[in-house]
Amino acid sequence: MIQQKRVLATDIPGPRSTQLQARKSGAVAAGVSAGLPVYIEKAEGGILVDADGNQLIDFGSGIAVTTVGNGNPRIIEAVTKQIADFTHTCFMVTPYEEYVAVCEKLNELTPGDHEKRSALFNSGAEAVENAVKVARHYTGRDAIVTFDHAYHGRTNLTMGMTAKNMPYKQGFGPFASEIYRVPMAYPYRWPTGPQGCATEALEVVKSQIHTQIGEENVAAVVIEPIQGEGGFIVPPAGFLSGLADWCREHGILFIADEVQSGFCRSGSWFACDDEGVVPDLVTTAKGIAGGMPLAGVTGRKEIMDAVHGGGLGGTYGGNPVACAAALASIETMEAEDLPGRAREIEAILRGRLEKLAATYDTIGDIRGRGAMIAIELVEDRETKAPASALAAAINKACHERGLVTLTCGSYGNVFRFLPPLVIGDELLAEGLDILEEAFAAATS
């Protein structure tokens, strides 16, 4: 058992991590970088233990992956048993029950009470790419619509769907064709203000699709119900539901990319649940399997079953060990009411962040839902000029004090908070104390 407390045994990073970082430079491609070069040896709950014996508070969850915490006993037991039974056969060669059971849970938990089917893959990018394949096959159309500030992955297709150039797209083109981008309903930065954002943004989206693409050519609109890497942008109430209704009117599939926002992270099982939005297809990954590589596409039966046999799959997709971890992770979420816990975390985070915003006018916006909360840093609240350098400085100060934090946003000026949902209140409060110290240090 790892005591759930911060311990600073050395400077961050310490000598052993520094040595390992030197080895990394000599062995690992330079394009694979690390935001905080401390090398982890053990982890449990909300604590990461590095090679120097430092215990760091985890506000990142491996980018929303270890939702049920590292060292989760259900996952350890399930994975250990599955490894002892078998580690791989390839579901497309000789199938196994674990894959079927995960699909059954996805069909049960994802939004909507219609009949569904699922398919499993390895990563969020794979899930998005396969959702596009399904949509194009089912509709017979080519065009895919995505949004400003979107992030959908690092494959060639999903890079084309992703908005941000650096570091994701620079030098990697040309990208797949028939990908179109429209404005995101971004309340904080909508030109006329947040009040009219939902209605105005929806009209702009519909108009651009009509004039630049043609509704009859669009296979799917793909959107993150809460944007992740783009800055935890939460579209205003009515935008998602209006968009989904409009898609249905024109035979366009509405695909919700719930890779980061799904599995209790937003205070509901899925972010779409907040407004009762029912997508045609849902992509999942990250928090589904407690750190094991697994992803899924779930959708209406008639859409998913339209693809010919052998048209979907992959050698490792739905690996039995990852499936066992997913079933244990979902069991934990249900048994411990982790959607409810996410809402408790939100209340704590918002309370502390609002107090911080009263002290620092560089905090322009506080947004998000559940344990998916962010602050956007600006040079001043009137111009809203992004304060990217300040975000980097505060992030560095957090790291030096033993708090793992993440920045994001198209301008690199957004702090995102993604603690494990099993984190204790005391550890959460200590992490927020460190954040306050980092603000003071970076702004003094």
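Each value in this text was obtained by applying a stated rule to the coordinates, not by laboratory testing. Model, not experiment: these values are computed from the prediction. Note: ideal-geometry Cβ built from the backbone for every residue, glycine included; neighbour counts use all protein chains shown.
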Value of [θ]222 nm, deg cm²/dmol, for the chain, DSSP H segments ≥ 4, -39500 (n - 2.57) each, nearest 500: -12000 deg cm²/dmol
Inter-probe distance in nm under a simple model that places probes 7 Å from Cα toward Cβ, at THR89 and ALA237: 5.0
For the range 74-335: rounded, prolate or oblate by the Cα gyration tensor [a/c cutoff 1.5]: prolate
Label point 7 Å beyond Cα of ASP245 along Cβ direction - residues of the range 175-201 with amide nitrogen under 13 Å: 199
Charge dipole (the range 262-420, unit charges on Cβ, about Cα centre) - positive-most of GLY296, GLY368, PHE417: PHE417
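Taking 8 Å as the Cα distance limit and 6 or more residues as the minimum spacing, I'd like the relative contact order of the range 5-127 as a percentage.
RCO, the range 5-127: 19 percent.
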The chain - charge dipole about Cα centre, Lys and Arg +1 at Cβ, Asp and Glu -1, debye rounded to 20: 980
Entries in LYS105/LYS133; LYS286/LYS396; LYS42/LYS384 that, when Cα-Cα distance is taken, lie over 31 Å: LYS42/LYS384
Coil-residue GluC sites (Glu not before Pro) of the range 342-444, DSSP, other Cβ within 10 Å capped at 10: GLU382
Segment GLU426-ASP337, extension gain: residue separation times 0.36 nm, minus the distance between their alpha carbons: 30.1 nm
Loop-located chymotrypsin sites (Phe, Trp or Tyr not before Pro) in the range 77-136 whose Cβ has at most 14 other Cβ within 10 Å (DSSP): PHE86
The chain, relative contact order [Cα under 8 Å, separation at least 6], %: 22
For the range 105-111, 3J(HN,Hα) per residue [Karplus equation, 6.51 cos²θ - 1.76 cosθ + 1.60, θ = phi - 60°, Hz, x = Gly/Pro]: 5, 4, 5, 6, 8, 5, x
HN-Hα J in Hz across the range 304-321 - Karplus 6.51, -1.76, 1.60, θ = phi - 60°, x for Gly and Pro: 5, 7, 6, 6, 5, x, x, x, 10, x, x, 4, 9, x, x, 3, x, 5
Charged-residue dipole, Cβ positions (Lys, Arg, Asp, Glu), the range 328-380 about Cα centre, Debye nearest 20: 140
